[in-house]
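*Asks:* Take a look at the following structure, please.
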Amino acid sequence: MERNFKNVLIISFGFLLLFTAYGGLQSLQSSLHSEEGLGVASLSVLYAALILSSMFLPPILIKKLGCKWTIAGSMCCYITFSLGNFSASWYTLIPTSVILGLGGAPLWSAKCTYLTIAGNAYAEKAKRSGKDIINQYFGVFFLIFQSSGIWGNLISSLIFSQASNKVEQSEENLECCGAYDCTTGTSNATGSAEPSSSLIYTLLGIYTASGVLAVLLIVIFLDQIKSDQAEAEKERLEAPSFWATFLATFQQLKDKRQCLLIPLTMYSGFEQAFLSGDYTKTYVTCALGIHYVGYVMICFSAVNSLCSLLFGKISQFTGRKLLFALATSTNAACIAALLLWKPHPKQLAVFFVFPALWGLSDAVWQTQTNGLYGTLFEKHKEAAFANYRLWESLGFVIAFGYSPRLQVHTKLYILLAVLALAAVTYGAVEHLEERSSPRAPPAAAEKENVGPLTQDTHM
């Protein structure tokens, strides 16, 4: 097996193991720790810490440690969050959320940098287009990585399905589910049964072990980059002072295109936060029970994983504009339908339709938005990817921050407004790109605009 592709697989399976644990925990936070909004508060703090991390940590750690050890060290930060859930309280979840947030930005920036360098290195050796190889590498990464949601949520649902204290919801309680919920600010208002401590500890033990295996895989099998390109990356990461490094993320905002991409990037955080924080609690847990959360999120992850690979392939022929239009229309239709739908256990299939369509849209937001960043800001990858993490994280912080205080229908209207703004500003970016290369034929220009599929997700 070619060495660069072997490293792609190692990173992909390392992220698969790590996010099998984190993804499963994130989906359960709002349902598992609903007292005083502890679950969503921990996620809000997590992404606030990620914002601080995005400002200065990625260039510093990648320069000092290299991509491999930055990835390994950052993964350890994720493990602490699993440990904090063993005794969930404001004194354990909040500090471990901060630690995870600080490790998040370096993890994703190092991964993006590593795979981009590996793709360019192989393209140079094989005398092929660098962008084509990078697209293939990230397509493989996303296919493997996005499936983490399947395994993490399958584990949680199988374990919680063992509970013997499941509760059938009354019609009166079901009236509190959906867009016009009446559970805001309350704890377990619908009377749904919570899993036993032994089941929770079993789940957390499996998640923690999965994170440890991810670190071992990276430490033992991933090659440290030693190519000339890696050395050039290190030289480019050199900063004259700490404050110059600290401000690198904000200096990227001098580019008008970066500013116009802020609403689109923030929307990625809003829509993911809604699905994992509000849909899982107010629709799924409220009407079906917590043991169904994993199955519903498996549907989201499976569609997301397959569409990520599919869009990586067809973007070369359709261009990103058509894919963005598809995601925008799909998400808008879902939001409108969620405003009207009253969830009921008899409509079991509908609970899976929404995450499936959401997964299709999210595959576009993740792959194509990150690919857009990689194409537009090729000479400033770390600063651009740090901006991506910063603004996406701000979307998470805002969405999780107001989650315990607003009713779901209000959150859906906010989501729709941000989506509309993102569509307008993204169109402005495409217009600027077309004006900057007026001599390129339309078809060629569209193909040129298809960038590397760099994530990320799901933090």
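*Asks:* Would you check which residues across the range 355-409 are charged (D, E, K, R) and either part of a helix (DSSP H, G or I) or free of Cβ contacts under 8 Å to residues at least 24 places away in the same chain (or both) and list them? Explain how you work it out, then say what you get.
*Replies:* Applying the first criterion (charged (D, E, K, R)) to the range 355-409 yields 362, 378-379, 381-382, 389, 392, 405.
Of everything in the range 355-409, those that are charged (D, E, K, R) and either part of a helix (DSSP H, G or I) or free of Cβ contacts under 8 Å to residues at least 24 places away in the same chain (or both) turn out to be 362, 378, 379, 381, 382, 389, 392.
*Asks:* Then there's this: On the basis of being open to solvent by less than 80 Å² (accessible area, probe 1.4 Å), at pLDDT below 90, of a type in the set (Asp, Glu) and not in a loop (DSSP other than H, G, I, E, B), does residue 430 make the cut?
*Replies:* Considered against the rule, which asks whether it is open to solvent by less than 80 Å² (accessible area, probe 1.4 Å), at pLDDT below 90, of a type in the set (Asp, Glu) and not in a loop (DSSP other than H, G, I, E, B), residue 430 comes out as yes.
*Asks:* Can you tell which of 168, 172, 238, 194 is at pLDDT below 55 and among the acidic types (Asp, Glu)? Spell out the reasoning first.
*Replies:* Working: 168 fails: at pLDDT below 55; 172 fails: at pLDDT below 55; 194 fails: at pLDDT below 55.
The unique qualifying residue is 238.
*Asks:* Moving on. What do you reckon, is residue 130 farther than 20 Å from residue 219 by Cα, of a type in the set (Gly, Ala, Ser) and surrounded by 24 or more Cβ atoms within 10 Å (Cβ to Cβ)? Walk me through it before giving the result.
*Replies:* Details: farther than 20 Å from residue 219 by Cα: yes; of a type in the set (Gly, Ala, Ser): yes; surrounded by 24 or more Cβ atoms within 10 Å (Cβ to Cβ): no.
So residue 130 fails the test.
*Asks:* Oh, and also: Taking the range 315-354, which residues are within 16 Å of residue 372 (Cβ to Cβ) and assigned to a helix (DSSP H, G or I)?
*Replies:* Start the filter on the range 315-354 by keeping residues that are within 16 Å of residue 372 (Cβ to Cβ), which leaves 315-316, 318-328.
Result: 315, 316, 318, 320, 321, 322, 323, 324, 325, 326, 327, 328.
*Asks:* Moving to a separate point now. Test of understanding: among 84, 101, which residue is in a helix (DSSP H, G or I), open to solvent by less than 20 Å² (accessible area, probe 1.4 Å) and closer than 26 Å to residue 385 by Cβ? Talk me through it step by step, then tell me what you get.
*Replies:* Values: 84 fails: closer than 26 Å to residue 385 by Cβ.
Checking each option against the conditions leaves just 101.
*Asks:* Another question about this same structure. Working only within the range 87-98, note down all residues that are open to solvent by 50 Å² or more (accessible area, probe 1.4 Å) and farther than 19 Å from residue 394 by Cα. It would help to see each step written out before you state the result.
*Replies:* Step one: filter the range 87-98 for residues open to solvent by 50 Å² or more (accessible area, probe 1.4 Å), giving 87, 90-91, 95, 98.
87, 90, 91, listed by residue number.
*Asks:* Here is a check on your reading of the model: is residue 35 over 23 Å from residue 208 (Cα atoms), open to solvent by 20 Å² or more (accessible area, probe 1.4 Å), in contact with a Ser or Thr (Cβ under 6 Å, 6 or more places away or on another chain) and modelled with pLDDT under 85?
*Replies:* Details: over 23 Å from residue 208 (Cα atoms): yes; open to solvent by 20 Å² or more (accessible area, probe 1.4 Å): yes; in contact with a Ser or Thr (Cβ under 6 Å, 6 or more places away or on another chain): yes; modelled with pLDDT under 85: yes.
Judged against the criteria, residue 35 is a match.
*Asks:* So, in the range 28-64, exactly how many residues are of a type in the set (Ser, Thr, Tyr) and more than 21 Å from residue 153 (Cβ to Cβ)?
*Replies:* Here is the first cut: in the range 28-64, the residues of a type in the set (Ser, Thr, Tyr) are 30-31, 34, 42, 44, 47, 53-54.
From what's left, more than 21 Å from residue 153 (Cβ to Cβ): 44, 53-54.
Here the count works out to 3.
Conditions (1) without any contact (Cβ under 8 Å) to a residue 40 or more places away in the chain; (2) closer than 25 Å to residue 204 by Cβ, marked per residue:
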residue	(1), (2)
46	no, yes
73	yes, yes
121	no, no
128	yes, no
133	yes, no
152	no, yes
160	no, yes
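*Asks:* Looking at residue 405 and the list (1) buried (at least 21 other Cβ atoms within 10 Å of the Cβ); (2) out of contact with any Leu (no Cβ under 7 Å at 6 or more places or on another chain); (3) closer than 27 Å to residue 282 by Cβ, which single condition is not satisfied?
*Replies:* (1)
*Asks:* If you don't mind, another one. If only one of 286, 307, 299 is assigned to a helix (DSSP H, G or I), closer than 27 Å to residue 120 by Cβ and either at pLDDT 85 or above or touching a helix residue (DSSP H, G or I) at 6+ places or on another chain (Cβ under 6 Å) (or both), which one is it? Break it down stepwise before answering.
*Replies:* On the way: 286 fails: closer than 27 Å to residue 120 by Cβ; 299 fails: closer than 27 Å to residue 120 by Cβ.
From the options 286, 307, 299, the qualifying one is 307.
*Asks:* Return yes or no: is residue 108 in contact (Cβ under 8 Å) with a residue 12 or more places away in the chain, of a type in the set (A, V, I, L, M, F, W, C) and not in a helix (DSSP H, G or I)? Before the answer, list the steps.
*Replies:* Values: in contact (Cβ under 8 Å) with a residue 12 or more places away in the chain: yes; of a type in the set (A, V, I, L, M, F, W, C): yes; not in a helix (DSSP H, G or I): no.
Against the criterion (in contact (Cβ under 8 Å) with a residue 12 or more places away in the chain, of a type in the set (A, V, I, L, M, F, W, C) and not in a helix (DSSP H, G or I)), residue 108 does not qualify.
*Asks:* On to the next question. Can you tell me how many residues in the range 52-77 are closer than 19 Å to residue 400 by Cα and open to solvent by less than 20 Å² (accessible area, probe 1.4 Å)?
*Replies:* If we filter the range 52-77 for residues that are closer than 19 Å to residue 400 by Cα, which is where we start, we get 52-54.
Of the ones still in play, those that are also open to solvent by less than 20 Å² (accessible area, probe 1.4 Å) are 53-54.
Result for the range 52-77: 2.
*Asks:* A further question on this structure: What are the residue pairs meeting all of these: first residue in the range 196-225, first residue of a type in the set (Asp, Glu), second residue open to solvent by less than 40 Å² (accessible area, probe 1.4 Å) and assigned to a helix (DSSP H, G or I), Cβ atoms under 7 Å, and 6 or more apart or on different chains?
*Replies:* If the second residue must be open to solvent by less than 40 Å² (accessible area, probe 1.4 Å) and assigned to a helix (DSSP H, G or I), the pairs left are 223/7.
*Asks:* What number of residues within the range 7-19 satisfy the criterion of being under 28 Å from residue 41 (Cα atoms) and open to solvent by 10 Å² or more (accessible area, probe 1.4 Å)?
*Replies:* 2
The values are calculated or read from the model by the stated rules, or taken from the named source; none is laboratory data. Because the structure is a prediction, the values reported are computed rather than measured. As a convention, Cβ positions derive from the backbone with ideal geometry for all residues, glycine included, and neighbour counts pool all protein chains shown. The area values use the complete protein model at the heavy-atom level, side chains included, leaving out ligands, DNA and RNA. Shrake-Rupley method; radii C 1.70, N 1.55, O 1.52, S 1.80 Å.
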